[in-house]
Amino acid sequence: MSIITETTRLVIREFTREDAQAVYDFNAPEAVNRYTGDVGCCNSLEDALSIIENIWLTEYAQFGFGRWAVVLKETGKVIGFCGFKHEPRLMGVDIGYRFHPDYWGQGIATEANLACFAYARTNMALVEVFGEVVTENIDSIKVIKKLGMEFVKQYQQDGYNIAQYKVLL
């Protein structure tokens, strides 16, 4: 397991196959995926393991980065993910985050992603990072803005209004 960075409350590290239960747990509540387009993608431990193996571990090998596990230091529990994703549709990299609802409203998404930006500035060759959010997801838009990201445009996709933001690193 490779640790990427840490904050006062969090360890941000690569996912391992042993995280399948945690991945299932933070994806299972319906509210978590309401605005992501991922509803129904993680309905079992097998689905969670497939996400880890076929997406995240593959991206680490291919790009050297991907979505990373966010571990609460106090408990050692994986509570969600944050980090970067190579996104051909954007011709760039986006930042993303997802946490179990028990950890919403505590500043964890902002803390974790600011740590990712700090890591990227010193360890990655990224010039800009995009963030996309469904316009109805007001709390996620607040996080994007706290990260210092600036509005670029709005568009429709799959029946959703999407707001695109960008930050230069």
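The values are calculated or read from the model by the stated rules, or taken from the named source; none is laboratory data. A quick note: this is a predicted structure, and the numbers were derived from the prediction, not measured. Neighbour counts run over all protein chains shown; Cβ positions are idealised from the backbone, glycine included. What goes into the accessible areas is simple: the full protein's heavy atoms, side chains included, and nothing from ligands, DNA or RNA. Shrake-Rupley method; radii C 1.70, N 1.55, O 1.52, S 1.80 Å.
When region 93-133 is filtered for residues that are open to solvent by 40 Å² or more (accessible area, probe 1.4 Å), polar (S, T, N, Q) and in a helix (DSSP H, G or I), the ones remaining, listed by number, are Thr122, Asn123. Note on region 136-160: among residues that are part of a strand (DSSP E or B) and at pLDDT below 95, the one that is surrounded by the fewest Cβ atoms within 10 Å (Cβ to Cβ) is Gln157. Of all residues assigned to region 89-96, at least one qualifies as being of a type in the set (Gly, Ala, Ser) and within 27 Å of Asn161 (Cβ to Cβ).
One line per residue, one yes/no per condition, for (1) acidic (Asp, Glu); (2) within 19 Å of Glu87 (Cβ to Cβ); (3) more than 15 Å from the chain's Cα centre (by Cα):
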site: Glu111; (1), (2), (3): yes, no, no
site: Leu114; (1), (2), (3): no, no, no
site: Ile138; (1), (2), (3): no, no, yes
site: Val143; (1), (2), (3): no, yes, no
site: Leu147; (1), (2), (3): no, yes, no
site: Phe151; (1), (2), (3): no, yes, yes
site: Asn161; (1), (2), (3): no, yes, yes
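List the helices (runs of 4 or more DSSP H) that sit entirely inside region 17-82 and contain at least 2 residues that are within 20 Å of Ile108 (Cβ to Cβ) and modelled with pLDDT of 95 or more. Those helices (runs of 4 or more DSSP H) span 20-27.
Considering region 63-92, the residues that are free of Cβ contacts under 8 Å to residues at least 12 places away in the same chain and closer than 13 Å to Arg9 by Cβ include one that is most open to solvent (accessible area, probe 1.4 Å), namely Thr75.
Within region 118-144, residues that are under 13 Å from Gly92 (Cα atoms) reach partners that are open to solvent by 50 Å² or more (accessible area, probe 1.4 Å) and not in a loop (DSSP other than H, G, I, E, B) with beta carbons closer than 6 Å, at six or more positions or on different chains, in the pairs Glu128/Lys166; Glu128/Leu168; Phe130/Lys166.
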